Amino acid sequence: MMFGLFKKQVPEKHAGHHLLTDMHSHLLPGIDDGAPDIATSISLIKGLAALGYTWLITTPHIMNDMYPNTPHIINERLHDLRQALSKQNIDIQIEAAAEYYVDEFFEELLQTEELICLPGNKILVEQSMLQAYPRFKDVVYELRLKGYTPIIAHPERYVYMAEQKHDYQWFKDSGCLLQVNLLSLQGYYGKSERKLAEYLYREGMIDLYGTDCHHDRHLARLSKFATETNAIRLSENTKIY
Ligand SMILES: [Fe+2]
């Protein structure tokens, strides 16, 4: 089993020993299906800090009518959260970008609005878990033409891709980065997701790892994973800049 690779030889704490970056989470209060309020945001951030994360780039959903977030809303929440963190003397670097859901709405946004990027003009995109968006590849072309580097969020969670694994290589060849959720390697989302995550790991295709942390159940699983294996340290390879 691949997680032999990450098994701890000696039990040790992660806290503060390594510089870890997380570039995918839902920690801003009350604007998507992540933290509902500031108290929860802070408790999740404390939990991630305890795992050793020192730099968080949180990525609220932007998804048509469901989460109609804008740069203005996101920056306002980030400002509130930073103030609350500093009041409590919690020393962590936190920034915000977004996770864009690719559909017709996004295609329109792409023509009309400036997108919220991660460092280096990288843009985090996801699509439906049920079926591929028919024009997803066209959107990738368009993003590349406009000078963005698409980061495909959790490609292992699109289980329909198990039948079309060549598309993973297509993404790579088209200039995309692949970001796997740590919890997929842990088995949190299910067997198929884990198998695809392991496949991408074995093939050396993973560019970035993310927590995709939404709530305390994610945090609890991540903590368990960190206690049992060294896998959280994969985030050390997360060079986002
Ligand atoms: Fe996410």
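Values in this text are rule-based calculations from the coordinates and carry no lab data. All figures in this text were calculated on a predicted structure; none of them were measured in a lab. All Cβ positions, even for glycine, are placed from backbone atoms using ideal geometry, and neighbour counts span all protein chains on display.
Based on other C-beta atoms within 10 Å, arrange 46, 122 from fewest to most. Don't skip to the answer; put the middle values down first.
Numbers: 46 14, 122 21.
Least crowded to most crowded, the residues run 46, 122.
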The chain - mean residue ellipticity at 222 nm from DSSP helices (-39,500 (n - 2.57) per run, n ≥ 4, rounded to 500): -11000 deg cm²/dmol
Given charges at beta-carbon only (K, R positive; D, E negative), |dipole| of region 153-241 in Debye: 240
Alpha-carbon centroids, region 187-241 and region 83-144: separation in whole Å: 20
Neighbour cut-off at most 13 other Cβ (10 Å), DSSP loop, GluC sites (Glu not before Pro), region 143-241: 203
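Which value, in debye to the nearest 20, describes the size of the charge dipole of region 50-156 about its Cα centre when Lys and Arg Cβ atoms bear +1, Asp and Glu Cβ atoms bear -1, and nothing else is charged?
For region 50-156, the charge dipole is close to 380 debye.
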Label-point gap, in nm, between residue 93 and residue 164 - each point 7 angstrom along Cα→Cβ: 3.8
Per-selection metrics, the chain (Cα): Rg and Dmax in Å: 17.3, 53
Contour minus Cα-Cα distance for residue 86 and residue 104 (0.36 nm per residue): 2.5 nm
For the chain, share of DSSP beta bridges that run antiparallel, in % to the nearest 5: 10
Signed unit charges on C-beta, dipole axis of the chain, positive-most listed residue 218, 29, 131: 218
Residues 184, 223, sorted so that the one with the fewest Cβ neighbours within 10 Å comes first: 223, 184
Dipole-positive endmost among 201, 148, 230 within the chain (Cβ charges, Cα centre): 230
Modelled label reach - residue 149, point 7 Å along Cα→Cβ, region 193-215 residues with backbone N closer than 14 Å: 206-209
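What's the exposure ranking of 213, 176, 117, going from fewest to most Cβ atoms within 10 Å? Before the final figure, lay out the partial values.
Working: 213 29, 176 23, 117 15.
With the fewest neighbours first, 213, 176, 117 line up as 117, 176, 213.
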Assigned charges on the beta-carbon of Lys, Arg, Asp, Glu; the chain dipole about Cα centre (debye): 1120
